[in-house]
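Peer 1: Supplied in structure tokens, the structure appears directly below.
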């Protein structure tokens, strides 16, 4: 295979270079500049929401969302254990306690039965994670949240462009958080976004991410704020990337279609399933092997074949900082971690490159 394959590399072209040059030439490269407002406006239009607030990372977006909802010491926040640790750390930043739940073995998203069992008198919020771009069962999650009076903060950091009942992920709960890290479907280099159904809360978040600076009074800050602002140069990159989002999403779907067509009929492999109401953005296409030994052997073959890959996320409740936190459920997350592999899913990859990956995997099962 002469063509280089990419796991999750960003797709940067002439349009991005144009906007970046505009930002540099304007001298507004830090947190003051017109591109930030323009990027927020464009994101809001795409998602069909009134307003949005950009941040310097998806982690910051999650933290400021929880902070704004008053999550703090003595509170519990329910999170799936199969996720990137950045979904959980903001709970700790707020002084609250994460409560972990297992995931569904087919969709790899928050298990609804485990979620209901995890609720206590201290529970204040749920963070559903749309894992690898695959929407959660938001009907059930919102039903449970309404029943118990809980906030829902959607972790849509991996799922920009995904839909559930024709609603974009992130727009269904009380707050929605996105990431534009270098490996996401679109990137601002590093950045995030918060949206909310609460206009005044979002307005307050906009104030807080800028160090709670009162513009009417020189150098006065009436609250404890955060340095979570997106830079103008990051926003410039984001404006260009957002213009290409439709293109990127189609490439992601094409990549998944090839993997599903070529590998879906292999009895030793399972792909992440969607709910009937969901339409994944397929940030990553991953496969689940039938045992851990096969996963290890396939990894060796992928490596010598020049094919990049990475492991499925490790269950966060197993990490040392969280070993004393409550956990509800079984061993599905552990199974997925032991047997799962993320395949090359960058929009830089050609269909021929993805087909090569499939042929290598198919040969593995023919041996």
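The values are calculated or read from the model by the stated rules, or taken from the named source; none is laboratory data. Because the structure is predicted, anything quoted here is derived from the model rather than measured. When we count neighbours, we look across all protein chains shown, and the Cβ atoms used for this are built from the backbone with ideal geometry, even at glycine.
Peer 1: So, of the residues in region 94-114 that are surrounded by fewer than 18 Cβ atoms within 10 Å (Cβ to Cβ) and within 13 Å of residue 330 (Cβ to Cβ), which turns out to be farthest from the chain's Cα centre (by Cα)?
Peer 2: Here the residue is 113.
Peer 1: Touching a strand residue (DSSP E or B) at 6+ places or on another chain (Cβ under 6 Å), surrounded by fewer than 19 Cβ atoms within 10 Å (Cβ to Cβ) and part of a helix (DSSP H, G or I): is that true of residue 147 in this structure?
Peer 2: So residue 147 does not fit the description; no.
Peer 1: If you go through region 150-161 one residue at a time, how many are part of a strand (DSSP E or B) and more than 11 Å from the chain's Cα centre (by Cα)?
Peer 2: Final tally of qualifying residues: 3.
Peer 1: Moving on to the next point. Take the residues in region 222-241 that are under 22 Å from residue 90 (Cβ atoms) and over 20 Å from the mean Cα position of the chain (by Cα); name whichever of them is surrounded by the most Cβ atoms within 10 Å (Cβ to Cβ).
Peer 2: Selected residue: 231.
Peer 1: Are there any pairs with C-beta distances below 9 angstrom linking a residue in region 262-276 that is free of Cβ contacts under 8 Å to residues at least 40 places away in the same chain and on the phi < 0 side of the Ramachandran plot to a residue that is in a loop (DSSP other than H, G, I, E, B) and crowded, with 18+ Cβ neighbours inside 10 Å, with the two at least 6 apart or on different chains, and if so which?
Peer 2: 271/285
Peer 1: Of all residues in region 162-183, which are buried (at least 24 other Cβ atoms within 10 Å of the Cβ) and part of a loop (DSSP other than H, G, I, E, B)?
Peer 2: 162, 169, 170, 173, 180
A quick yes/no check of all residues on (1) without any contact (Cβ under 8 Å) to a residue 24 or more places away in the chain; (2) under 15 Å from residue 232 (Cα atoms); (3) under 20 Å from the mean Cα position of the chain (by Cα); (4) not in a loop (DSSP other than H, G, I, E, B):
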| site | (1), (2), (3), (4) |
| --- | --- |
| 9 | no, no, yes, no |
| 19 | no, yes, no, yes |
| 30 | no, yes, no, no |
| 62 | no, no, yes, yes |
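Peer 1: Please return the ranges of helices (runs of 4 or more DSSP H) entirely within region 252-367 where 2 or more residues are within 20 Å of residue 115 (Cα to Cα) and out of contact with any helix residue (DSSP H, G or I) (no Cβ under 6 Å at 6 or more places or on another chain).
Peer 2: Answer list for region 252-367: 332-339.
Peer 1: Something else now. Only one of 261, 270, 246 is more than 30 Å from residue 366 (Cβ to Cβ) and surrounded by fewer than 22 Cβ atoms within 10 Å (Cβ to Cβ); which?
Peer 2: One residue alone meets the criteria, 246.
Peer 1: Give me the residue from region 198-216 that is free of Cβ contacts under 8 Å to residues at least 40 places away in the same chain and in a loop (DSSP other than H, G, I, E, B) and, out of that set, farthest from the chain's Cα centre (by Cα).
Peer 2: Of everything passing the filter in region 198-216, 216 is farthest from the chain's Cα centre (by Cα).
Peer 1: Say whether the condition of being surrounded by fewer than 22 Cβ atoms within 10 Å (Cβ to Cβ), touching a strand residue (DSSP E or B) at 6+ places or on another chain (Cβ under 9 Å) and modelled with pLDDT under 95 is met by at least one residue in region 274-285.
Peer 2: No; the residues of region 274-285 include none that is surrounded by fewer than 22 Cβ atoms within 10 Å (Cβ to Cβ), touching a strand residue (DSSP E or B) at 6+ places or on another chain (Cβ under 9 Å) and modelled with pLDDT under 95.
Peer 1: Out of 222, 234, report the one residue that is touching a strand residue (DSSP E or B) at 6+ places or on another chain (Cβ under 7 Å) and over 30 Å from residue 139 (Cβ atoms).
Peer 2: Every option except 222 fails the conditions.
Peer 1: Can I ask one more? Here are some residues: 91, 49, 79, 85. Which one is under 28 Å from residue 124 (Cα atoms), surrounded by fewer than 15 Cβ atoms within 10 Å (Cβ to Cβ) and modelled with pLDDT of 95 or more?
Peer 2: That would be 85, the only listed residue that is under 28 Å from residue 124 (Cα atoms), surrounded by fewer than 15 Cβ atoms within 10 Å (Cβ to Cβ) and modelled with pLDDT of 95 or more.
Peer 1: For region 120-130, check the following and say yes or no: at least one residue is outside any loop (DSSP other than H, G, I, E, B), surrounded by fewer than 24 Cβ atoms within 10 Å (Cβ to Cβ) and without any contact (Cβ under 8 Å) to a residue 40 or more places away in the chain.
Peer 2: No; the residues of region 120-130 include none that is outside any loop (DSSP other than H, G, I, E, B), surrounded by fewer than 24 Cβ atoms within 10 Å (Cβ to Cβ) and without any contact (Cβ under 8 Å) to a residue 40 or more places away in the chain.
Peer 1: Can you tell me which residue is nearest to residue 149 (Cα to Cα) among those in region 60-70 that are in contact with a strand residue (DSSP E or B) (Cβ under 8 Å, 6 or more places away or on another chain) and buried (at least 24 other Cβ atoms within 10 Å of the Cβ)?
Peer 2: Step by step, filter region 60-70, then rank; the result is 66.
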